[in-house]
Amino acid sequence: MTRQLHLGVFIYPGGHHIAAWRHPKMQAERITELDYYIESAQHAERGKFDLFFVGDALNAREREGKVVGEIAINNLDPVSVVSAVGSVTTHLGLVATLSTTYNEPASIAAKFATLDHLSGGRAGWNVVTTLDEKAALNFSRAKAMEKSLRYQRAQSFVDCCKALWDSWEDGATAADSLRIKAPMYRSQYFSVDGPLGMPRPPQGWPVLVQAGGSEPGRDFAASIGEAIFTAQGKLSDAQAFRADIHARMVKRGRSPDGIKIMPGLSPILGDTEEASKRREEEFAELAHPSVGVWMLTEMTKFRLYDHPLDQQLPTKDIRAFNPALGMNALSLLERAERAPMTIRDAARIMVRSRVHQSFVGTPDQLADHMAQWLHEGGSDGFNILPPLFPGELGLFVDQVVPALQKRGVFRRDYTGPTLRDHLGLPRPPGRPSTRT
Amino acid sequence: MILTVSTPGHGVHPAAPSLAWFRTLTRTAERGGFDAILFDGAWGPAGPFTIDPVPLIAALASSSKQIGLGAAIALDHAEPFNIARSYAAIDRLTAGRSAWIAAMGTGRAADFAHAPPMAPADRWARAAESVAVVRKLWDSWEDEAVILDKPNGRFSNPDVIHPINHSGQYFSVRGPLNAPRPLQGNPPVFQRDVSAEGLALARETADVLIAPVGDASALAGIRRAIGERPRLLVRLAVLLAETDAEAKSRAKELGAPLEGLSFVGTPGGLVTHLAKLSTLCDGIDLWPAVLATDLDLLVDQAVPRLRATSLRPATYRGRTLRENLGLARPRSQFAA
């Protein structure tokens, strides 16, 4: 059989378009309600998706010390959301993000073990180290931990969780005290005796997901990752990224088969190319100009709030203020220097831009595009970021999934009950049995 | 009279945590009109077998409609921001039916041995501060913060979302929370410690204190210690049978005596006993001795008799757990 795509859906309050909550079809008052999440999860399961994914943030998005009022909230607590939708689905994988920087390994090992038991082996953990400096201020820290230390702690955190998950032999129950062994985990970060308070999770360990493309992030993925969520805009970059991760895995003695790389993809669909472009335009028009100005200021660190919208983008001032601009900021400034660009124009570009790849076109065009990335080694699947929930996810399931199935690159039904089954990942063996 | 039910109890439990099993318990308790079912994470017959009850109550949100769902998060090693964020989600997902059992300690100190050791007095002071920080975070979005003004592009009103700028002895937390206020304002905070320190903590921070006492005469002193504000429930282990003799023989079969205050007898006898107890406190937290057996007996035999008295309503009266407990919904402490 040809290689198959793996599909995740990345849920978000409203949708992945920054102004999704304003869309006429969006019942914005629903985005903190159970049914909103259930409806999306049921679409995903109907579409035979591998997994349902919830991202995390540990601080509010702010402008000058106040919450940005023009955008919707961050995701609700990820474990709570996936656990709630897990009880109304039977196959869909449930991937929740949790930070190793602001949690305790014994608590998190128990949390994911519980989720894996309650869901019958569908849990996944997106292991993050929390980038945002402002999060530290919510956790009694003056500043964020330095990046390489964050990853060292994360490695130890995951090692400790694995030791806890393996503390019960497979099949051991509470009555088999001789088959339950406290791992007595010790590292420079943690001193955890264990054992886990419950039998080994059905999947052995939840599926370990990594997201983040920095050097230490890639090494961490190569060390512990079984799936990667990544932002890749171009096929050639995606191929290079995938090859790089595989090489790092081989260096560590891991088989590249043990990881599924799933770039983010935000689809805007239409029956014709023109229709899809019109819909893209419709979304972009929903964004309040001040959202784009906020995004510009966040990106450049240069304060633009008091500048009139129809003034030219002050590229010289921005360059002088911040000599360490990132790639996206530089490319925008260069564009503004080639042809006149007002702050309003720049703001419009910002609200159209995505960290993740967006695709505007017909369902067949999108299916071809996805199949091409699969066949040419750009990815093992995609994490889908619909601009609007639940409707645009429903559209993807109704129109793109059948097109993928017709091309022979996506399952027509689940072949097993666990997330590891869907992703084709082996179950970690655990400790050898001492049963006599 | 408030009526809650706690797990786990003696008897046969599934070999591994099973959603179907917890769902059955919850639906049975809801059928009996209990105000809340409380999970501290213990699922096994005895010993250190614990799950995380927080994802459990999230999973139970869709399997129940009216009963309150309580889960324990121990104060010792949890960050207030994480606690506030979990309950901000769960209280919305359960449409205002969540409760936080703010427990002292996990009983698993050796899993947190890397944390700096803490003097007992510090543990209690830190616990009080962490509940206070959680409440501040819940209150950081006033009730009117989410406005959903589509024409003007205003999702929320930043003027009524407040950094909490908490700087205390144990925590410094800037806030605000990145989630709207829980539906109940503050999900009710339950506590269960009746030591002198525990009562002081309850007086300061609890909405409900469940008192595990050996003798009901202790309740008057506890009430004095915690003041008028928290609801006071007494924990009662219950073992039922058709006749007193049968109940006694079932109790004998258990092998271990029931802990603390207990009732062994008939459903009719229990109703009389509860009526008497309820004059000493605001309600009862029942511990079915053998979950599978005694919870069913409670619901099918005792509850209808209770409902025939004026002690329990025939149906849920409130929409949220707070309403069913008779607790007013608090205004945000940041509201002008």
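Derivation of every value follows stated rules applied to the coordinates shown; laboratory data play no part. Here the structure is a predicted model, which is why all the values come from computation and not from measurement. As a convention, Cβ positions derive from the backbone with ideal geometry for all residues, glycine included, and neighbour counts pool all protein chains shown.
General observations
- Backbone amide hydrogens, once placed in the peptide plane, bring B:Ala99 within less than 5 Å of B:Leu69, B:Gly70, B:Ala71, excluding anything fewer than 5 places away on its chain.
- Listed residues A:Pro308, A:Pro195, A:Pro256, most fluctuating in chain A (Gaussian network, C-alpha, under 10 Å): A:Pro308
- Alpha-carbon centroids, the range B:165-219 and the range A:76-146: separation in whole Å: 24 Å
- Restriction of the trypsin sites (Lys or Arg not before Pro) in the range A:6-40 to DSSP coil positions whose beta-carbon has at most 15 other beta-carbons within 10 angstrom yields A:Lys25.
- Here the label points at A:Asn328 and B:Ala20, each 7 Å from Cα along the C-beta direction, are separated by 4.7 nm in the simple model.
- Label point 7 Å beyond Cα of B:Ala196 along Cβ direction - residues of the range B:90-115 with amide nitrogen under 20 Å: B:104
- Other protein chain Cβ atoms within 10 Å, averaged over every residue that makes up A:109-115: 6
- Here the range A:330-374 is scanned for amide nitrogen atoms under 12 Å from the site 7 Å beyond the Cα of A:Gln312 along Cα-to-Cβ, giving A:336-343.
- Cα-centre dipole for the range B:2-325 with unit charges at Cβ (Lys and Arg positive, Asp and Glu negative), debye to 20: 520 debye
- Within chain B, the longest segment free of exposed loop sites, counting trypsin sites (Lys or Arg not before Pro) that fall outside DSSP classes H, G, I, E and B and have at most 14 other Cβ atoms within 10 Å, spans B:66-316.
- Note on A:Lys316: aspartates and glutamates with a C-alpha under 13 Å away, same-chain residues under 8 apart excluded, are A:Glu334, A:Glu337.
- For the residue pairs A:Lys25/B:Lys150; A:Lys147/A:Lys260; A:Lys48/A:Lys260, the alpha carbons lie more than 20 Å apart in A:Lys147/A:Lys260.
- With both labels modelled 7 Å from their Cα along Cα-to-Cβ, the A:Ala247 to B:Lys65 distance reads 6.0 nm.
- For chain B, calculated [θ]222 nm from helices alone, where every DSSP H run of n ≥ 4 adds -39500 (n - 2.57): -10000 deg cm²/dmol
- Note that the range B:184-336, at 4 °C in a medium of 1.567 mPa s, gets a Stokes-Einstein diffusion coefficient of 77 µm²/s from its Kirkwood radius over C-alpha pairs.
- The distance from the alpha carbon centre of the range A:286-356 to that of the range A:384-428 is 37 Å, rounded to a whole number.
- Length added when fully stretched, A:Gln372-A:Lys25, from 0.36 nm per residue minus Cα-Cα: 121.7 nm
- Note on B:Lys65: lysines with a C-alpha under 27 Å away, same-chain residues under 8 apart excluded, are A:Lys111.
- Where GluC sites (Glu not before Pro) in DSSP loops with at most 10 other Cβ within 10 Å are excluded, longest remaining stretch of chain A: A:147-436
- Cβ-Cβ FRET estimate between A:Lys406 and B:Ala335, R0 fixed at 51 Å, reported to 0.05: 0.35
- Loop-located GluC sites (Glu not before Pro) in the range B:194-255 (DSSP state not H, G, I, E or B) with no more than 12 neighbouring Cβ atoms inside 10 Å: B:Glu228, B:Glu242.
- Lysines whose Cα lies under 29 Å from that of B:Lys248, excluding same-chain neighbours fewer than 8 positions away: B:Lys276
- Under the simplified labelling scheme, the B:Asp244-A:Asp257 pair shows an inter-label distance of 7.1 nm, with each label point 7 Å from Cα along Cα→Cβ.
- Here the Karplus curve 6.51 cos²θ - 1.76 cosθ + 1.60, taken at θ = phi - 60°, turns the phi angles of the range B:113-130 into couplings of 5, 6, 6, x, x, 10, 5, x, 4, 5, 4, 5, 5, 5, 4, 4, 5, 5 Hz, with x standing for Gly and Pro.
- Charge dipole (Cα centre; +1 on Lys/Arg Cβ, -1 on Asp/Glu Cβ; no other charges) of the range B:156-268 amounts to roughly 240 debye.
- Virtual paramagnetic centre 7 Å along Cα→Cβ of A:Arg46, amide N under 14 Å, in the range A:332-375: none
- Peptide A:135-145, shielding by other chains (average Cβ, 10 Å cutoff): 5
- For chain A, calculated [θ]222 nm from helices alone, where every DSSP H run of n ≥ 4 adds -39500 (n - 2.57): -11500 deg cm²/dmol
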